[in-house]
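Heads up: the structure comes next, in structure tokens.
The values are calculated or read from the model by the stated rules, or taken from the named source; none is laboratory data. Model, not experiment: these values are computed from the prediction. Cβ: placed from backbone, ideal geometry, glycine included. Neighbour counts: every protein chain shown. The area values use the complete protein model at the heavy-atom level, side chains included, leaving out ligands, DNA and RNA. Shrake-Rupley method; radii C 1.70, N 1.55, O 1.52, S 1.80 Å.
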Amino acid sequence: MALVLNEEQIMLKDSAAGFLAEKAGVPQLRALRDSGSEAGYDAAVWQEMAGMGWAGIAIPEEFGGLGYGYTGLGLVLEQVGRHLSNSPLESSVLVAATLINELGTEAQKQQWLPAIAGGEALLSLALQEGPHHAPEQVTTSARREGDSYVLSGSKVLVLDAPSARHFLVVARVEADGGLSVFVVPADAAGLTVERRSMVDSRAAGALQLDNVTVPADALLGAAGEAGPALERTLDIANIGLAAELLGLSAEAFERTVVYLQERKQFGRIIGSFQGLQHRAAELFAELELARSIVLKALQAIDEGADNLPQLASAAKAKLCEVAQRASNEAVQMHGGIGMTDEHEIGFFLKRARVAQHTFGDYNYHLDRFARLGGF
Amino acid sequence: MLAEALPSLTTDITRGATVSDLEQFRAETRAWLEENCPQSMRTPARGFEDIYTGGRTPEIKHPDQKLWCDRMAERGWTVPTWPAAYGGGGLDKEEAKILAQEMQRISARRPLDSFGISMLGPALLQFGTEEQKKEHLPPIVRGEIRWCQGYSEPNAGSDLASLQTRADDQGDHYIINGQKIWTSYADKADWIFCLVRTDNSGSKHEGISFVLFDMDQPGVTVKPIKLISGSSPFCETFFDDAKALKKNLIGEEGKGWTIAKYLLTHEREMISSFGTMSRESLGQRAVQTVGADASGRLANGVLRQNIAQYQLDALVFAYTMARVGDEAKAGQGLGAASSIFKYYGTELNKRRNELNLAVQGEAALGWEGEVYDGGQLSRDWLRSKGNSIEGGTTEVQLNIISKRVLGLPDA
């Protein structure tokens, strides 16, 4: 497929940009933070997004979605990154719906996907247990008891946990067996959801599962066989996060260039100093590279490309690197004003690190990229 | 549905060729290549030295090189897309693609590669008069004249526009005095396309003219420069009352900077593509030379990380070249991304060469002898240092991005 957007995609991108600038930009994020919002996003704005079809962009038409593919969702996520817009678009749509679509039975897909596409069902993946993304080290257990499973374990960094109505909990039925995924209601007995307020002003959560009993049909797909679907879901999730980081980095960079064109010191516009010019030019080059790998990886999802794992890790590693550099340079080049809470540039730095960490950071994905490359 | 499927079976008006015409073109091309491409030319050229560049006294490594070039030139296929009126193949994009595919099918090498084809030709097609095109393009197509480029001077490198080589008006010709440097293969070239100063009164960008003249005359002296890599691809070129006919002034007198900029863009695209000639993965080669741990990872973690970073950037750069090409084809114009090619491609190539040294170790440090393949690795590494200097340094490229793309003010 040509590495280029078609007219329909450009229209989607533009309309997302317009909507988010008005309804879910940095001023709204600041207001949510300062008002101590439990969910960390505006539920009414989320309903509008769902009304525009965003929650169903990548969900197949047979399950109530638009069947428009992940390239379309990625374009919206890029705009989400530019405006730092929080919503369940990542937790519920990008991650949970994808996992159900990749792993669920026909009946499970019918049960969940139309409801996610409509914006009513809010689900979130509960995977990480320690300080780092390490899906192979999951220890949460699921013991079979008659027609039920009994889950025990703990989870961290469950995105949008306070507002999620169901969790997709990754566990092992046999301690040395493969991974399984269970749909667990947020109000299940024995489940404690602790809201954790993150540096990016979003809400995540820690789950404590203490002998949580769910019916056997809460198991997505077959027991011990979730590995490949989970891996593909994580690849897709990381590409989506890379798209968000692209928007975030580009916005932080563009705001910084405007500042360089305006700010005067020593009687000169500081953007005339070559020490700053070359750093800005190098960053521009990195952003252009970032844009290419994000588009390539998004298209690879929709094409069912064999090398998706490589492209996913390439995209996430590159975007982690670029977002780190862009957000750090943004604060440095803004100088003192960039250190103040009053100025918006700091919000980009804070969101960048959480998005970078989620589902594997630079170190994780560069290592994986090398491993997949045979060295 | 049927109506939608029909156009591909009938005439595509935009191209003027039918699918069956193209299929016929493919069949004929295949047959012709089978018959005319010598077996010895069905192997890739081994490095720059093995590429046929033509000229009055061509360097011939294999007798079939000239035969292959002559046969292809007869059909204009040394330059398939140039207009037939000037000796080119006159092929449209689809036909040229088929020719390239059919050549690739039998591993046929390009019959001719020269600055005439890659640099002067495109400039003449864009800026030359009908008479100039008729005179100079056909000998380029046939590989009869080898060209060199007279741009840089000892005091006009990155600041090219401050060049001082003088051209004095003598009625129907100019008399040229001055010195060029870094003239690629001037010692082997027949003619030069040269930037000269015809006027000193205006700003430095004004008063520059673009002229062509024969190198085979008493006023031209050439002295090769030996590089740190041991080879001498560049020369110093001296003009002492050299003569250039006025009919060989390209474009208007004093407006040569426009053509120079056009060609520099062209040259930068060529140099930036050096970095993308990908070979086997460095990481995989390193596993052979350094070894792997029990999990299959390269045993040295520091080297592994350096290689992974390089391979990631090389991959992402290749997709960026593809994206810019696709955007241009889709009519979205040449995006700002194209401005990074020269800078990023050459830096990438330098990184690759440094890593190659690190991966190969002792084997990459040899200078001569069969065991070191004539010092190919170390010489390539040394030569790569020039990539970020020639054709506009990395620093100049970053200045251009800062000012033209980001709109940052002058110092």
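Take B:GLY89 and decide whether it is among the small types (Gly, Ala, Ser), touching a Phe, Trp or Tyr at 6+ places or on another chain (Cβ under 6 Å) and closer than 30 Å to B:LYS61 by Cα.
yes
What pairs come out if I take residues in the range B:298-311 that are at the interface with another protein chain (Cβ under 7 Å from one of its Cβ atoms) and pair them with residues that are part of a loop (DSSP other than H, G, I, E, B) and open to solvent by 50 Å² or more (accessible area, probe 1.4 Å) whose C-beta lies under 6 Å away, six or more apart or interchain?
none
I'm checking my understanding of the structure. Among residues of the range B:264-321 that are of a type in the set (D, E, K, R), part of a helix (DSSP H, G or I) and at pLDDT below 95, which one is most open to solvent (accessible area, probe 1.4 Å)?
The selected residue is B:GLU269.
Among the residues of the range A:6-41, write down those that are in contact with a helix residue (DSSP H, G or I) (Cβ under 7 Å, 6 or more places away or on another chain) and within 14 Å of chain B (Cβ to nearest Cβ).
Of everything in the range A:6-41, those that are in contact with a helix residue (DSSP H, G or I) (Cβ under 7 Å, 6 or more places away or on another chain) and within 14 Å of chain B (Cβ to nearest Cβ) turn out to be A:GLN9, A:LYS13.
Scan the range A:352-374 for residues that are within 14 Å of B:ASN306 (Cβ to Cβ) and either touching a residue at least 40 places away in the same chain (Cβ under 8 Å) or in a loop (DSSP other than H, G, I, E, B) (or both) and jot them down.
A:LEU366, A:PHE369, A:GLY373
Hey, can you tell me all the residues within the range B:187-242 that are basic (Lys, Arg) and either touching a helix residue (DSSP H, G or I) at 6+ places or on another chain (Cβ under 6 Å) or assigned by TED's automatic domain parsing to the domain that holds B:GLY54 (or both)?
Passing the criteria: only B:LYS204.
Give the residues of the range A:133-148 that are under 23 Å from the mean Cα position of the chain (by Cα) and not β-branched (Val, Ile, Thr), sorted by residue number.
Correct list: A:HIS133, A:ALA134, A:PRO135, A:GLU136, A:GLN137.
Please list, ordered by residue number, the strands (runs of 3 or more DSSP E) wholly in the range A:165-219 having 3 or more residues that are over 18 Å from the mean Cα position of the chain (by Cα).
Correct list: A:179-185, A:191-197, A:203-215.
Name the helices (runs of 4 or more DSSP H) wholly within the range B:13-126 that hold at least 1 residues that are surrounded by fewer than 13 Cβ atoms within 10 Å (Cβ to Cβ) and without any contact (Cβ under 8 Å) to a residue 40 or more places away in the chain?
In the range B:13-126, B:19-36, B:93-105 are the helices (runs of 4 or more DSSP H) which contain 1 or more residues that are surrounded by fewer than 13 Cβ atoms within 10 Å (Cβ to Cβ) and without any contact (Cβ under 8 Å) to a residue 40 or more places away in the chain.
Show the residue pairs that are 6+ apart or on different chains and have beta-carbon atoms under 6 Å apart, the first residue being within the range B:361-380 and open to solvent by less than 90 Å² (accessible area, probe 1.4 Å), the second being among the charged types (D, E, K, R).
Every condition considered, the pairs that remain are B:GLY375/B:GLU368.
B:SER402: at pLDDT 90 or above, over 20 Å from B:ALA161 (Cβ atoms) and hydroxyl-bearing (Ser, Thr, Tyr), yes or no?
Judged against the criteria, B:SER402 is not a match.
Residue by residue through the range A:304-337, note down the ones that are of a type in the set (Gly, Ala, Ser), out of contact with any Leu (no Cβ under 8 Å at 6 or more places or on another chain) and surrounded by fewer than 18 Cβ atoms within 10 Å (Cβ to Cβ).
Those that are of a type in the set (Gly, Ala, Ser), out of contact with any Leu (no Cβ under 8 Å at 6 or more places or on another chain) and surrounded by fewer than 18 Cβ atoms within 10 Å (Cβ to Cβ): A:GLY304, A:GLY335, A:GLY336.
Checking the conditions here, which among A:ALA237, A:ALA216 is assigned by TED's automatic domain parsing to the domain that holds A:LYS316 and in contact with a strand residue (DSSP E or B) (Cβ under 9 Å, 6 or more places away or on another chain)?
A:ALA237
Got a sec? Which helices (runs of 4 or more DSSP H) wholly within the range B:334-411 have at least 2 residues that are within 11 Å of another protein chain (Cβ to nearest Cβ) and not basic (Lys, Arg)?
B:341-360, B:394-400
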